[in-house]
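Dropping a structure here in structure tokens format, bear with me for questions.
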Amino acid sequence: MNQYTEHHASIDRRGNRSASARGAPRKRGSALVFSLMLVGIVTVTGMAMLQLHISRGRRQGQATDNKRAIYIAEAGIAEAYLAVAQGRSGNIASEAEPARFANGVFWVEAEDGDDGQVALRSTGLCRTGRFALSVVVERTFDPIASLGMFGGEEVIIGEGAVVDGYDSRVGQPQDLKTVLGSLLDVRGSARISSNGDVTVESGVSTPTTIHGNVQPGPGHAVIVEPGGTVTGSTLAGDSIVALPDLEMPVLSSAGDVSLSRESMTFPSGEVRYGNVSIPTGKSLTLTGPSTVVLDNLRLPTGSELIIDTTEGVVTLFVGTSLQVAPGAKITNSTLDPVNFVLLVGAQDPVDVDGDGVLDEPVVFSPSGQYAGFVYAPYTDLVIPSDLHLMGGVVGESLTLEPGSRLSFDAALRSTDITLSGLPRLVAWRIVALPDVEIVNLREDPLLSLKRDGITPTKSSDAALEGYVKMEYFDAHGDLQGYSGLATGVDWSDVKSVVRVMWDDDSFVGGEGQEWVRPSRVKSALLEDCR
């Protein structure tokens with residue numbers, strides 16, 4: 001019995017063991033399914049996180065590429081701006097052969113507009129980033145010459161004075177200018193302005209006539225006495241005009257000049273002298289193109305300063321004292337005000353003749369005609385009654401004596417006289433991308449260009465006009481000329497540039513290009529062409 005019982009017990013035990021053995025796989029299968037489910041969940045979650053990370057990385061990469069494309073487009077604008085300042089068109093590279101900058105490319109398209117304005121459209125590409133920017137600039141903007149007749153503190157116009165305007169590119173000012181004519185000829189009208197009041201003195205028998213606009217400073221007014229006429233606007237300006245300080249060229253002085261017996265001629269070039277006195281009955285001729293720096297200049301009655309502008313601009317700096325007595329003459333050979341610039345830095349009284357008495361730093365009383373621009377920011381200028389000044393004049397204050405005449409030359413608006421001559425930014429905006437293949441591919445432009453066998457041009461060498469013809473003063477102050485590739489200029493021998501002309505081939509000037517003749521552009525502005 002016990003044996004039987006033990007036998008069945010063993011069977012039961014074996015059966016139990018057998019049942020346990022048969023039940024183990026089911027338990028292990030359940031665990032495997034659960035594990036697989038967990039693995040699947042983790043995998044799906046990981047894939048989702050990976051996709052999210054990839055998507056975020058792509059967005060960040062795209063944002064980075066777009067930012068870089070913006071910087072590259074701005075670099076294109078900078079290159080085009082410099083090209084315009086140098087006198088070129090502003091076209092940089094092209095969509096077919098763009099310019100290389102950092103890890104991207106760009107090109108700039110330039111289009112000339114009205115009034116000397118140029119529209120520059122720059123497209124920058126970096127990997128998948130794309131950006132297009134457009135700016136409008138105005139060439140050789142000179143706000144000082146554009147002021148016309150300006151007195152910083154005030155302007156006083158004496159009885160019987162006549163102020164009108166003309167354009168020397170068209171012709172000389174008329175002897176008489178009707179009110180109707182001045183209204184119709186807005187471009188050639190007078191321009192008188194001040195940071196303070198403008199007073200127009202007049203009398204019944206000696207009427208004062210201003211054919212054009214008169215603009216007082218903010219909060220100030222135009223005071224017109226009975227009998228006076230102003231044909232244009234008299235609205236006040238909305239901002240104060242700050243006159244820039246003069247920067248005299250750094251030149252070694254060749255000493256004093258005395259014309260005791262014979263008249264004298266200064267040839268073209270850059271030169272500096274100390275005291276220069278022209279005796280009565282004698283003359284001194286300054287030959288353009290030239291830059292002449294004088295410490296003191298004295299013209300007594302009967303003397304004459306002749307400005308020969310036949311071949312180029314004459315820029316005359318007077319640093320300490322300018323004494324032009326009544327009856328002396330300053331004659332411009334071509335009567336073109338754009339070609340003669342008188343810059344006066346004198347501001348403190350000085351003993352000019354050595355008599356122990358301090359003299360006024362500036363006396364400007366020439367007779368006859370004066371054709372040029374006068375800039376004397378530290379001086380109360382007085383225009384004498386027997387002078388017809390054609391061009392422009394700017395001083396700390398300005399007074400026209402009774403009977404004097406001023407004719408503003410509209411050509412001065414587009415010249416570089418007292419400032420650097422850099423273009424002025426007019427407007428900018430973001431524009432649509434151009435519909436061209438290299439933009440639409442949406443791949444790294446460097447790879448697509450390499451695949452097509454195209455090597456992008458270095459950005460500093462990508463301007464359309466690579467050939468230059470220029471006149472310049474060398475290290476010794478002598479006038480020199482050069483024609484050829486801009487990269488071939490020996491800039492170590494260039495002290496300052498007189499005028500330039502650009503072209504896209506070696507026949508510079510053969511297609512009607514015009515000289516760019518800034519009076520104070522230094523070699524550094526062109527030196528970036530290297």
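The values are calculated or read from the model by the stated rules, or taken from the named source; none is laboratory data. All figures in this text were calculated on a predicted structure; none of them were measured in a lab. Neighbour counts run over all protein chains shown; Cβ positions are idealised from the backbone, glycine included.
Is region 259-268 home to any residue that is of a type in the set (Asp, Glu), part of a loop (DSSP other than H, G, I, E, B), in contact (Cβ under 8 Å) with a residue 40 or more places away in the chain and surrounded by fewer than 16 Cβ atoms within 10 Å (Cβ to Cβ)?
Checked region 259-268: no residue is of a type in the set (Asp, Glu), part of a loop (DSSP other than H, G, I, E, B), in contact (Cβ under 8 Å) with a residue 40 or more places away in the chain and surrounded by fewer than 16 Cβ atoms within 10 Å (Cβ to Cβ).
Return a yes/no flag: does region 503-515 have any residue that is of a type in the set (A, V, I, L, M, F, W, C) and either modelled with pLDDT of 85 or more or buried (at least 20 other Cβ atoms within 10 Å of the Cβ) (or both).
Initial filter on region 503-515 (of a type in the set (A, V, I, L, M, F, W, C)): 507-508, 515.
Filter once more, keeping what is either modelled with pLDDT of 85 or more or buried (at least 20 other Cβ atoms within 10 Å of the Cβ) (or both): none.
Within region 503-515, not a single residue is of a type in the set (A, V, I, L, M, F, W, C) and either modelled with pLDDT of 85 or more or buried (at least 20 other Cβ atoms within 10 Å of the Cβ) (or both).
Quick check: is even one residue across region 237-252 under 26 Å from VAL494 (Cβ atoms) and outside any loop (DSSP other than H, G, I, E, B)?
No: zero hits.
Also: Is it the case that ARG451 is at pLDDT 85 or above and over 20 Å from the mean Cα position of the chain (by Cα)?
Spelling it out, ARG451 is indeed at pLDDT 85 or above and over 20 Å from the mean Cα position of the chain (by Cα).
Now a separate question. Could you tell me which of the residues ASN213, ASN275 is farther than 22 Å from VAL352 by Cβ and in the same structural domain as ILE306 (by TED's automatic domain parsing)?
The unique qualifying residue is ASN213.
Of LEU284, LEU335, LEU297, which residue is touching a residue at least 12 places away in the same chain (Cβ under 8 Å) and farther than 26 Å from LEU398 by Cβ?
LEU284
Shifting gears a bit: Going by what's in this entry, would ALA410 be described as in contact with a strand residue (DSSP E or B) (Cβ under 7 Å, 6 or more places away or on another chain), over 30 Å from ALA161 (Cβ atoms) and of a type in the set (Gly, Ala, Ser)?
Spelling it out, it is not the case that ALA410 is in contact with a strand residue (DSSP E or B) (Cβ under 7 Å, 6 or more places away or on another chain), over 30 Å from ALA161 (Cβ atoms) and of a type in the set (Gly, Ala, Ser).
Among what's in region 336-369 and is at pLDDT 95 or above and assigned to a loop (DSSP other than H, G, I, E, B), pick the residue that is farthest from the chain's Cα centre (by Cα).
SER367
Scan region 292-329 for residues that are over 31 Å from the mean Cα position of the chain (by Cα) and either within 22 Å of SER496 (Cβ to Cβ) or among the hydrophobic types (A, V, I, L, M, F, W, C) (or both) and report the count.
Count: 7.
Select, from GLU111, GLU138, the only residue that is acidic (Asp, Glu) and modelled with pLDDT of 95 or more.
Sole residue among the options that is acidic (Asp, Glu) and modelled with pLDDT of 95 or more: GLU111.
Kindly provide the set of residues from region 153-192 that are modelled with pLDDT of 90 or more and crowded, with 23+ Cβ neighbours inside 10 Å, ordered by number.
VAL155, ILE157, ALA161, VAL163, ASP164, GLY165, TYR166, ILE192, listed by residue number.
Within region 388-430, which residues are at pLDDT below 95, of a type in the set (Lys, Arg) and over 16 Å from SER189 (Cβ atoms)?
ARG424
Yes or no: region 92-109 includes at least one residue that is in the same structural domain as GLY391 (by TED's automatic domain parsing), charged (D, E, K, R) and surrounded by fewer than 19 Cβ atoms within 10 Å (Cβ to Cβ).
Of all residues in region 92-109, those in the same structural domain as GLY391 (by TED's automatic domain parsing) come to none.
No: region 92-109 contains no residue that is in the same structural domain as GLY391 (by TED's automatic domain parsing), charged (D, E, K, R) and surrounded by fewer than 19 Cβ atoms within 10 Å (Cβ to Cβ).
When GLY212 is evaluated against the numbered criteria (1) buried (at least 19 other Cβ atoms within 10 Å of the Cβ); (2) in contact with a Pro (Cβ under 9 Å, 6 or more places away or on another chain), which criterion, by number, is the only one it fails?
Going through (1) buried (at least 19 other Cβ atoms within 10 Å of the Cβ); (2) in contact with a Pro (Cβ under 9 Å, 6 or more places away or on another chain) one by one, GLY212 breaks only (2).
Of all residues in region 313-332, which are in contact (Cβ under 8 Å) with a residue 40 or more places away in the chain and outside any loop (DSSP other than H, G, I, E, B)?
Across region 313-332, the qualifying residues are THR315, PHE317, GLY319, THR320, SER321, LEU322, GLN323, VAL324, ILE330, ASN332.
Within region 221-231, count every residue that is assigned to a loop (DSSP other than H, G, I, E, B) and either touching a Cys at 6+ places or on another chain (Cβ under 9 Å) or under 17 Å from ASP197 (Cβ atoms) (or both).
First pass over region 221-231, keeping only residues assigned to a loop (DSSP other than H, G, I, E, B): 221, 225-228, 231.
Those left that are additionally either touching a Cys at 6+ places or on another chain (Cβ under 9 Å) or under 17 Å from ASP197 (Cβ atoms) (or both): 221, 225, 228.
So the count comes out to 3.
So, in region 454-475, of the ones that are polar (S, T, N, Q) and farther than 30 Å from GLY312 by Cβ, which residue ends up nearest to the chain's Cα centre (by Cα)?
Among those that are polar (S, T, N, Q) and farther than 30 Å from GLY312 by Cβ, it is SER459.
Which residues, taken from region 108-130, are assigned to a strand (DSSP E or B) and acidic (Asp, Glu)?
Within region 108-130, GLU109, GLU111, ASP112 qualify.
Ok, one more. Of the conditions (1) assigned to a helix (DSSP H, G or I); (2) at pLDDT 95 or above; (3) among the acidic types (Asp, Glu), ASP65 satisfies every one except a single condition; which number is it?
(2)
Could you look through region 444-482, keep only residues that are surrounded by 13 or more Cβ atoms within 10 Å (Cβ to Cβ) and acidic (Asp, Glu), and pick out the one that is farthest from CYS126 (Cα to Cα)? Full working, then the answer.
Keep residues of region 444-482 that are surrounded by 13 or more Cβ atoms within 10 Å (Cβ to Cβ), which gives 444-446, 448-449, 454, 456-457, 459-474, 477-480, 482.
With acidic (Asp, Glu) added as a condition, the list becomes 444, 461, 465, 471, 474, 478.
On the way: ASP444: 7, ASP461: 20, GLU465: 26, GLU471: 40, ASP474: 42, ASP478: 47 Å.
Filtering region 444-482 for residues that are surrounded by 13 or more Cβ atoms within 10 Å (Cβ to Cβ) and acidic (Asp, Glu), the one farthest from CYS126 (Cα to Cα) comes out as ASP478.
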